[in-house]
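The values are calculated or read from the model by the stated rules, or taken from the named source; none is laboratory data. The structure presented is a predicted model; accordingly, all values stated were derived computationally and were not measured. In this analysis, Cβ positions are derived from the backbone assuming ideal geometry, glycine residues included, and neighbour counts consider all displayed protein chains.
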Amino acid sequence: MPRHESRLTRSETVAEDTQAFYLSRPRGFDYRSGQSMLVALDGATHVFSIASAPHEPELMFATRMRRTEFKRALGRMAIGARLRIDGPHGLLELHDDARRPAVFLAGGIGITPFLSMARHAAHERLPHLIYLFYSNRRPQDAPFLDELASLERANPGFRLVPTVTQAEAEQNWRGETGPIGRNLLERHVADLTSPVYYYAGPPGMAAAMQSMLAALGAREDDIRSEEFYGY
């Protein structure tokens, strides 16, 4: 894939210790929702899912701001700073057969490819029925939760199921609690054998989703995934 030059146009906090970075979109940089790109900065590189949708003029990615050399350099970038991107990469994109529901299983910052896909589905008025199960420790740890709720209101084919795993500290939380598991899916999806499943998140969460889907009897061809290392 060709390497492109880009510039930082803005950044914002989207959850606790989580930043979204908006980049100028180089001419000819075309991608599909759910894909990723390699970002090169100060001689170091990192792969990020593209959280913006293909119809949008800017590129956006989001990340937990860990204490790594790359993340520190990212946090120091001034508006207008140059960086290079390589891509797009990846095959995590919505299936074509709209007769089959899509079930997205996202943990934390693993929401980013699914945000792109949800934005794209709403913009294109895709006929797919999409379920997004979105797990975080606490509501304040959940990037883009308010936007996803707005997308659910705007798109009758999109159903958001957020859940938190530390609900005891969140007395005002009225959503689901606990990790994503079979019981949670059964409460919201009538037939667990019909969807195409997608999951993204840190390795521990990804391994749990893989085991759960295997236990459900999901075929390998009906499972698409993206693991987030060093996020």
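A few notes on this one:
- For the residues 168, 147, 152, 186, the requirement of being closer than 23 Å to residue 50 by Cα, assigned by TED's automatic domain parsing to the domain that holds residue 127 and either surrounded by fewer than 16 Cβ atoms within 10 Å (Cβ to Cβ) or modelled with pLDDT under 95 (or both) singles out 147.
- Subset tally (residues that are over 17 Å from residue 2 (Cα atoms) and either modelled with pLDDT under 95 or touching a helix residue (DSSP H, G or I) at 6+ places or on another chain (Cβ under 9 Å) (or both)) for region 21-42: 4
- So residue 113, is it part of a loop (DSSP other than H, G, I, E, B), under 20 Å from residue 150 (Cβ atoms) and at pLDDT 95 or above: no
- Residue count, region 37-69 (criterion: crowded, with 21+ Cβ neighbours inside 10 Å and assigned to a strand (DSSP E or B)): 9
- Any hit, region 77-87, residues being over 25 Å from residue 140 (Cα atoms), modelled with pLDDT of 95 or more and crowded, with 18+ Cβ neighbours inside 10 Å: yes
- Residue 76 basic (Lys, Arg) and outside the structural domain of residue 10 (by TED's automatic domain parsing): no
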